[in-house]
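Contents: one structure, followed by commentary.
The values are calculated or read from the model by the stated rules, or taken from the named source; none is laboratory data. This one's a predicted model, so the numbers in the text were calculated from it and none came from an experiment. All Cβ positions, glycine included, derive from the backbone under ideal geometry; neighbour counts span all protein chains shown. Ligands, DNA and RNA are excluded from the accessible area calculation, which covers all protein heavy atoms including side chains. Shrake-Rupley method; radii C 1.70, N 1.55, O 1.52, S 1.80 Å.
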Amino acid sequence: MKTFRSTFPKRLALPLLAASGLFAGTTANAASYPETVLADKPAVYYRLEDPAASSIITNAVNPDAYQANVMYDDYGSFPQFEQAGISSNSVSFHLYTPEGGTAQKSHIEVPFAPELNQTGPFAVEFWARASSWGSGVRCVVGNISGFSDGWWFRQEAGTTPRWIYVQNGGGIYMAGGNITKNEWTHLVVTYDGTTVFFYANGVQTWTSTGTIPSLNNGGPLCMGGDPALGGEDFFDGNVDELAIYTNALTADQIKLHYAVGSTNIAVPPVAAYVVADPSPASAYAGRTATFTVNAGGTTPLSYQWYKGNAPIGGASSDILTFTCAYADNGATYKVVVTNLYGSATSAPAALTVMTDLTLESSTASITRNVGSKAAFIAVPGGALPVTYQWYKGTTQIPGATNQVLWLSNLQLADDQTTYKAEIANPWSITNTEPATLTVVPRAVTVPVTGYAKVVMADDPVAFWRLDEPNGSATAVDATGSFDGAYTPGPDPEDIVTYGVDSGIPHETNKAVSVTGKAQIQIPWALELNPHGAFTAELWIKPAVLNPGPDFIDVATSEGLAGSGPHGWLLYQMLDNTLVWVLFSQNWNAAWLGAGPAVEANTWNHVVLTCDGTLFYSYFNGNLVAEQPYGEFVPNGDGWTSLGFRFDGGGSGFEGAIDDVAFYNKALTLQQVQAHYAATVRLSASQSGNDLVLSWPFGTLQQADQVTGTYTDVPTATSPYTAAINTTGSKYYRVLVQ
């Protein structure tokens with residue numbers, strides 16, 4: 001076997017650096033960190049003080065029991081022992097790919113033992129220090145036999161990297177605080193038989209009550225990564241002082257452990273050094289190029305990237321990302337890493353800029369109802385910028401130059417027409433495969449009366465009245481092609497109740513209510529998850545306030561393919577406020593407030609709009625929050641679900657749902673307010689000596705007093721012109737029936 005080793009500075013024999021003394025009073029009676037831990041009687045305790053090249057890791061509670069095995073990478077380079085840590089040493093794991101080789105991973109594992117996997121109270125405690133993070137998640141410590149059995153701690157990437165504790169089988173997903181690279185964090189999870197608590201650096205950050213933690217049914221306890229997680233990556237950083245208890249540590253014990261450990265972190269001063277140089281990169285013109293350096297040394301570290309020998313303004317982190325142009329082809333990039341004790345310069349890495357134009361996916365054939373909308377999308381890859389031109393058959397469609405082609409008010413004459421897009425960038429042109437549109441008669445025609453007229457006047461893509469008779473299997477889309485299915489849950493109490501009284505003003509049509517895991521499931525369609533502007537609108541009436549332990553899933557249009565969730569969720573939170581969760585497909589989510597705390601048995605009108613630049617949230621006709629579009633990615637594969645999350649996680653909504661509508665545009669504030677009032681907006685303008693009145697539907701009425709009596713204006717249609725009365729007042733309104 002060939003030998004490959006990364007170059008690290010030798011560990012300096014210097015005294016331990018104490019922390020700032022913040023915990024001096026707390027730790028006065030603690031002789032050392034290991035004595036503090038052992039005093040609380042852990043079942044196993046891995047100090048990770050073992051010498052270099054160790055193959056067996058000892059257990060400080062009993063050196064002859066529960067020994068751990070070291071699983072080195074292919075080159076025998078990692079894990080590395082005798083690294084600075086808590087009290088003295090720690091173990092270091094490293095993800096790297098040798099030039100021309102395969103990705104190297106390493107870990108330590110303790111063979112399965114029933115004593116370390118009990119149903120009763122327990123606690124897990126360790127220290128972790130992240131050296132880097134990638135685009136996904138990395139396992140730090142895991143005790144699982146499968147993705148849904150046991151528990152594991154992970155390092156989550158994204159805009160704000162976090163420590164996460166997961167028990168998929170128990171539905172537990174808890175955040176333990178943000179990660180600062182190259183800084184130690186004390187992580188503890190306890191379970192007292194009722195509640196799971198997560199602590200980071202002595203502070204309780206999350207709880208989950210009422211769920212039973214799932215058991216590891218045979219897998220080893222792992223440090224640095226867990227092969228049982230499959231696609232989840234391994235850790236890059238240090239782990240130290242792992243202890244598992246068969247009792248739940250108290251908050252005071254955890255605070256003491258953190259205080260003692262914090263004053264005994266062994267961090268000899270080390271000059272900045274490069275662990276792994278940036279790798280050569282390839283990127284398409286107009287898309288993001290990324291270079292990453294892995295550096296070590298005493299923190300804080302500072303970074304300065306260079307293009308050739310010219311510094312890049314603002315490029316001062318360990319990751320360099322930028323939108324590359326074709327002119328950047330062949331340029332080299334390097335970084336200088338600096339701390340108080342010295343600096344190091346990475347080797348330069350070259351950028352190759354490509355100009356190819358590819359298709360990520362072609363247009364798909366679809367079947368839609370008469371009167372419905374239809375949408376086709378072209379998803380190009382390769383170099384940017386791109387332009388689009390859509391064709392019906394071989395005929396160019398004037399003005400159809402967006403990524404998504406929208407068709408409205410389909411008729412049987414549109415049946416079996418084909419559509420394709422020509423996509424071009426400055427270097428090449430390609431075409432999508434033709435997609436066939438099949439148009440069929442509507443199976444059920446829904447009467448448009450009352451509130452439905454208000455909604456239909458604003459041209460929704462889909463509209464579910466949810467007024468079907470008892471026992472119905474289908475939630476009919478009144479305007480489009482996107483029928484849903486009433487879906488009771490697996491338990492007897494998970495039911496759909498029909499014929500519930502609506503709370504919409506002036507409305508007599510009925511609603512439905514759901515309990516437990518009952519829901520309305522609507523298959524995925526591009527029209528319900530458009531790229532760009534859209535609106536989601538619904539009426540809800542919670543039956544009970546949130547009993548915990550989890551968020552309540554009111555509605556969702558979310559998928560999970562690729563590198564994380566995408567789409568949106570509407571949650572009822574533990575404090576009974578409503579929140580929209582907007583996913584970006586990399587386990588990041590933006591949280592947008594959807595309104596104040598709801599009251600039990602009270603109807604509410606909830607709306608999310610997006611104009612392609614900003615999201616807006618409305619509650620009962622009022623704008624309550626807004627935020628930028630950000631990195632939001634529309635749902636690309638999961639169905640829309642009303643009442644419960646589509647993937648079976650979380651807690652189901654308990655209450656009534658009525659008149660849900662989706663649009664391929666952002667409703668205005670005036671439209672939202674008109675929907676909340678279940679009426680139409682009457683517009684007035686002056687033309688010379690005349691008043692011009694406009695309204696979408698309904699009967700125009702007039703009166704001499706604002707309080708009435710109002711009478712119909714004979715034969716009035718919109719727009720209606722009336723002479724301005726100079727001798728008295730005239731009042732107008734629209735009657736919606």
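Take the stretch 40-53 and flag every residue that is modelled with pLDDT of 95 or more and either over 40 Å from the mean Cα position of the chain (by Cα) or not in a loop (DSSP other than H, G, I, E, B) (or both). Across the stretch 40-53, the qualifying residues are 44, 45, 46.
Condition check ((1) open to solvent by 10 Å² or more (accessible area, probe 1.4 Å); (2) in a loop (DSSP other than H, G, I, E, B); (3) out of contact with any Leu (no Cβ under 8 Å at 6 or more places or on another chain)) across all residues:
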{"position": "491", "(1), (2), (3)": "yes, yes, yes"}
{"position": "499", "(1), (2), (3)": "yes, no, yes"}
{"position": "508", "(1), (2), (3)": "yes, yes, yes"}
{"position": "512", "(1), (2), (3)": "no, no, no"}
{"position": "544", "(1), (2), (3)": "yes, yes, yes"}
{"position": "555", "(1), (2), (3)": "no, no, no"}
{"position": "571", "(1), (2), (3)": "yes, no, no"}
{"position": "601", "(1), (2), (3)": "yes, yes, yes"}
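If you go through the stretch 333-349 and pick out every residue that is open to solvent by 20 Å² or more (accessible area, probe 1.4 Å) and either under 33 Å from the mean Cα position of the chain (by Cα) or basic (Lys, Arg) (or both), you end up with 1. Screening 597, 656 for residues that are more than 25 Å from residue 409 (Cβ to Cβ), in contact with a strand residue (DSSP E or B) (Cβ under 7 Å, 6 or more places away or on another chain) and either touching a residue at least 24 places away in the same chain (Cβ under 8 Å) or surrounded by fewer than 22 Cβ atoms within 10 Å (Cβ to Cβ) (or both) leaves exactly one candidate, 656. Considered as a group, the residues in the stretch 708-720 that are more than 51 Å from the chain's Cα centre (by Cα), open to solvent by 80 Å² or more (accessible area, probe 1.4 Å) and among the hydroxyl-bearing types (Ser, Thr, Tyr) include one that is nearest to residue 506 (Cα to Cα), and that residue is 709. Listed by first and then second residue, the pairs with beta-carbon distance under 7 Å, at least 6 apart or on different chains, first residue in the stretch 190-206 and within 14 Å of residue 118 (Cα to Cα), second in a loop (DSSP other than H, G, I, E, B) and hydrophobic (A, V, I, L, M, F, W, C), are 190/248; 190/249; 191/248; 192/248.
What is the residue count in the stretch 605-622 for residues that are on the phi < 0 side of the Ramachandran plot and open to solvent by less than 10 Å² (accessible area, probe 1.4 Å)? Summing the residues that are on the phi < 0 side of the Ramachandran plot and open to solvent by less than 10 Å² (accessible area, probe 1.4 Å) in the stretch 605-622 gives 8.
When 484, 499 are screened for being within 19 Å of residue 568 (Cα to Cα) and modelled with pLDDT of 95 or more, only 484 passes.
Residue pairs whose Cβ atoms lie under 7 Å apart, separated by 6 or more positions or on different chains, with the first residue in the stretch 394-417 and in contact (Cβ under 8 Å) with a residue 24 or more places away in the chain and the second among the aliphatic types (A, V, I, L, M) and not in a strand (DSSP E or B), are 403/378; 410/370; 411/370; 412/370. Exactly one residue out of 91, 140 is in contact with a Lys or Arg (Cβ under 7 Å, 6 or more places away or on another chain) and either farther than 30 Å from residue 278 by Cα or open to solvent by less than 10 Å² (accessible area, probe 1.4 Å) (or both), and it is 140. Inside the stretch 460-489, residues that are over 19 Å from residue 369 (Cβ atoms), open to solvent by 40 Å² or more (accessible area, probe 1.4 Å) and of a type in the set (S, T, N, Q) make up a count of 1.
The rows are residues; the columns are (1) out of contact with any helix residue (DSSP H, G or I) (no Cβ under 7 Å at 6 or more places or on another chain); (2) open to solvent by 60 Å² or more (accessible area, probe 1.4 Å); (3) farther than 30 Å from residue 360 by Cα.
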residue: 281; (1), (2), (3): yes, no, no
residue: 289; (1), (2), (3): yes, no, no
residue: 295; (1), (2), (3): yes, no, yes
residue: 316; (1), (2), (3): yes, yes, yes
residue: 331; (1), (2), (3): yes, no, no
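Of all residues assigned to the stretch 427-438, none qualifies as being open to solvent by 20 Å² or more (accessible area, probe 1.4 Å), modelled with pLDDT of 95 or more, part of a loop (DSSP other than H, G, I, E, B) and closer than 29 Å to residue 672 by Cα. Among the residues of the stretch 448-457, those that are surrounded by 19 or more Cβ atoms within 10 Å (Cβ to Cβ) and either at pLDDT 95 or above or not in a loop (DSSP other than H, G, I, E, B) (or both) comprise 451, 452, 454, 455.
A single entry from 219, 150 fulfils the requirement of being in contact with a strand residue (DSSP E or B) (Cβ under 8 Å, 6 or more places away or on another chain), at pLDDT below 90 and open to solvent by less than 20 Å² (accessible area, probe 1.4 Å): 150. Name the single residue that is farthest from the chain's Cα centre (by Cα) among those in the stretch 63-74 being open to solvent by 30 Å² or more (accessible area, probe 1.4 Å) and farther than 16 Å from residue 112 by Cα. Checking each candidate, the answer is 63. Return yes when residue 313 is out of contact with any strand residue (DSSP E or B) (no Cβ under 8 Å at 6 or more places or on another chain) and closer than 24 Å to residue 529 by Cβ and no when it is not. So residue 313 fails the test. For the criterion of being outside any loop (DSSP other than H, G, I, E, B) and of a type in the set (D, E, K, R), residue 517 fails. On the stretch given as the stretch 672-704, residues that are open to solvent by 60 Å² or more (accessible area, probe 1.4 Å) and at pLDDT 85 or above total 8. Scanning the stretch 299-332 for residues that are part of a loop (DSSP other than H, G, I, E, B) and either under 32 Å from the mean Cα position of the chain (by Cα) or modelled with pLDDT under 95 (or both) yields 299, 300, 301, 312, 313, 314, 315, 316, 317, 318, 324, 325. If you check 410, 405, 359 for being part of a loop (DSSP other than H, G, I, E, B), aliphatic (A, V, I, L, M) and either surrounded by 15 or more Cβ atoms within 10 Å (Cβ to Cβ) or modelled with pLDDT under 95 (or both), only one passes: 410. Any residue that is more than 23 Å from residue 275 (Cα to Cα), in contact with a strand residue (DSSP E or B) (Cβ under 6 Å, 6 or more places away or on another chain) and among the polar types (S, T, N, Q) - is there at least one of those in the stretch 331-351? The answer is no, given that none of the residues of the stretch 331-351 is more than 23 Å from residue 275 (Cα to Cα), in contact with a strand residue (DSSP E or B) (Cβ under 6 Å, 6 or more places away or on another chain) and among the polar types (S, T, N, Q).
The strands (runs of 3 or more DSSP E) found wholly in the stretch 200-271 and carrying at least 2 residues that are among the charged types (D, E, K, R) occupy 237-245.
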